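Trainee: Just passing along the structure, written as structure tokens.
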Amino acid sequence: MAQASESDKVRSLDQLDVVVDCDSHVTDGSVMFDEIIEYMENDVAREQIDDSLLPNNNVFSTTLASPPFPDLLVADDGGLGIPQCTKPEHKYESMEEYGIDEAILDPTLCSALGTVNNDRYAVAIAQAYNSWLIDTFLDDNDGLQGTLTVAPQKPDKAAEEIDRHAHEDDIVGIQLLATGLPLPAGHEWYDPIYQAAEDHDLPVLMHSLSNSNHFEFPKQRAWAETFTEDHAIAHPFSHMWNMTTMMFRGVTERFDIDIVMQEAGIAWVPYMKWRLDDHYLESSHELPHLEKLPSEYIDDDYYFTTQPLGHTAKHPEHMAYAVEMAGPDNILFSSDHPHPDFDLPGELFDRIYSHFDGQTVRNIMGETAVDLFDL
């Protein structure tokens, strides 16, 4: 892609019509066992979860090698200094401060739903979370869009949950876990979820994380001594594995759906495009579902959120090159707010505005998301 001429560049965030944050979290874990549980329709599951002495361990099976974000300051109350987002006003405050017009809301603790060993609990938690999200954040709140979280342990129940809520105006996607899936994302086990996504014309979002990494890569994780070691590889590794299995088993060939991969940045994408093409050209006889190069499917069907940008401020052109190689038509701005390593819109804008024409920058910062999520 040629560099933009001086006359067709966007030079400030104020010139953008819309900024869409394609990975903005609610902190559901902090209210899971008091507010969200009250939305649970399965009375038995609700009572058993409520009686759990250590619900984060007895219900979810999340674990970290060491405390997360070790450089965090301790809050005045003695807890970790992590901002909470349990109400719309929390999100609106940050959106106004950072110049974000629309936010695609994703779960935090429920991103680890794959670690729930009791399938009945997993289904009940997904149902309760979605009802809480719609009631608390989406109803009558402009600018906030939700993604439905589904239990991968029970794909048929997940499809029913999608059918139940897909008509909601502010539901714009389906959240299928990226890390901790009981089977890889390309497995036919998940076909009911993909079929429901196609039926309702909703993209499938996959958010990677570290507290489920022991389910995905148990041997590698067993030797991680720190959160930092674990976190560095959990996010991209999960997406590499998911993309490989989804690609080679023809998920987007068999289903007319879009896939959004969140929170691993984008620098890994060009490498995977090259590597998957290489293996397809060497062994296409093993891959009967594919009718074109994997990189073409990626260009047509896959989207990638930008956070974390990483340590790229010193050489902003490197991030612009990564966007160009990954495919600017498939890149979506994301902040990951309110997590401590979140990115501001200006950080991405400053790295790309001088490299691309104005329309490409507008697309990356929000207009592609408007089309993808039908905002």
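Trainee: Just name one of 165, 369, 179: the one whose Cα is farthest towards the positive end of the charge dipole of the chain (beta-carbon charges, Lys/Arg +1, Asp/Glu -1).
Mentor: 179
Trainee: Take the chain, connect every pair of alpha-carbon atoms lying under 10 Å apart with a spring to form a Gaussian network, then pick out the residue of 252, 149, 228 with the largest mean-square fluctuation.
Mentor: Residue with maximal mean-square fluctuation among 252, 149, 228: 228.
Trainee: Let me ask you something else. Evaluate 2.2 N^0.38 Å with N set to the residue count of the chain, then give the Cα radius of gyration divided by it. Walk me through the numbers before you get to the answer.
Mentor: On the way: Rg = 20.0 Å, N = 375, 2.2 N^0.38 = 20.9 Å.
The value comes to 0.96.
Trainee: Could I ask something else about it? For residue 43 and residue 254 in the same chain, what is the full-extension length gain: residue separation times 0.36 nm, less their Cα-Cα distance, in nm? Walk me through the numbers before you get to the answer.
Mentor: Working: separation 211, 0.36 × 211 = 75.96 nm, distance 3.76 nm.
Here the segment from residue 43 to residue 254 would lengthen by 72.2 nm.
Trainee: In the chain, which whole DSSP H runs stretch at least 30 Å along their own axis (Cα) and average 1.0 or higher on the Kyte-Doolittle scale?
Mentor: Details: long enough: 227-248 (31 Å, -0.06).
Helices meeting the criterion: none.
Trainee: While we're on this one: If each residue of separation counts as 0.36 nm, what is the full-extension length gain between residue 311 and residue 279 once their alpha-carbon separation is subtracted? It would help to have the intermediate numbers written out before the result.
Mentor: Details: separation 32, 0.36 × 32 = 11.52 nm, distance 3.10 nm.
Gain in length upon complete extension: 8.4 nm.
Trainee: Okay, next question. Hey, got the dipole for the chain? About the Cα centre, +1 on K and R Cβ, -1 on D and E Cβ, debye to the nearest 20? Please list the in-between numbers first.
Mentor: Details: 19 positive and 71 negative charges, 298 e Å.
My answer is approximately 1440 debye.
Trainee: Can you tell which of 52, 283, 111 shows the greatest fluctuation in a Gaussian network model of the chain with Cα springs below 10 Å?
Mentor: Answer for the Gaussian network model of the chain: 283.
Trainee: At residue 51 and residue 232, where each label point lies 7 Å from the Cα along Cα→Cβ, what is the point-to-point distance in nanometres?
Mentor: With each label point 7 Å from Cα toward Cβ, the separation is 4.5 nm.
Trainee: Modelled label-to-label distance, residue 341 and residue 14, 7 Å Cα→beta-carbon offset: nm?
Mentor: Result for the modelled spin labels: 3.4 nm.
Trainee: At 0.890 mPa s and 25 °C, plugging the Kirkwood radius over alpha-carbon pairs of segment 254-375 into Stokes-Einstein gives what diffusion coefficient in µm²/s? Present the calculation step by step, with values, prior to reporting the outcome.
Mentor: Details: Rh = 15.3 Å.
Calculated translational D: 160 µm²/s.
We did not get these values from a lab; they are worked out from the coordinates using the rules stated. Computed from a predicted model, the values in this text were never measured in an experiment. Virtual Cβ from ideal backbone geometry, glycine too; neighbours counted across all protein chains shown.
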